[in-house]
Amino acid sequence: MGDDDRDLMDEEGKGSESESGGNAGTSKIVKILLYVAGGIILIVLMVGISFLVSSNIQESRYQKSQDIIAAPPPEPLATFELPAFSKATADAEPHFIKLQISLAYEANPVMSAELGNRKDEIQHIVNVLLQGKTIDELNDKSDMITLSEEIKAHINLRMIAGKIKEVYFKEYLIN
């Protein structure tokens, strides 16, 4: 009996070892399959969330672009014509300047009347400003803009009924 019992125990021990070895191999495969399935689910979730976020952002950008409304251009300004100005520059070798100026303002009958009443004063302001200029101060586009801003500022100091919005040069010649 001793030998038979030992043989049975040995066979049972071997049997339990082979069963546990088979379970360990199966459990490794199951673990790998679970990791792969988890990775696939994670990738699908990431792609889905990315799609939702990008479509939401794209929709909000589209809505913002639809909210922009183009404003109509402003009404044209009324103009007041000044007579032509002919002056010599303040250079050692004087150059000839000829200007034709229009003053632009918002249409207002009181402003029109004031400009008509102050016409001589406005001409004097422009003549004084031109008298001190040299050819270097009148030659470029930026100099032309500077001169128009100077004229506008000096005239607006004197105006009561409104302000000059723009100074237009209808003619601007330097010889």
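The values are calculated or read from the model by the stated rules, or taken from the named source; none is laboratory data. Remember, predicted model here, so these are calculated numbers, not experimental data. So basically every Cβ, Gly included, is an ideal-geometry build from the backbone, and we count neighbours across all protein chains shown.
Numbers for the structure displayed
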| quantity | calculated |
| --- | --- |
| Conditions (1) at pLDDT 90 or above; (2) in contact with a helix residue (DSSP H, G or I) (Cβ under 8 Å, 6 or more places away or on another chain): number failed by GLY48 | (2) |
| Scan of region 113-162 for residues that are surrounded by 11 or more Cβ atoms within 10 Å (Cβ to Cβ), among the β-branched types (Val, Ile, Thr) and within 20 Å of PRO94 (Cα to Cα), ordered by number | VAL126, THR134, ILE135 |
| Qualifying position, being within 38 Å of the chain's Cα centre (by Cα), of a type in the set (D, E, K, R) and in a strand (DSSP E or B), among LYS163, LYS170 | LYS170 |
| Residue in region 20-43 that is more than 30 Å from LEU115 (Cβ to Cβ), assigned to a loop (DSSP other than H, G, I, E, B) and at pLDDT 70 or above present | no |
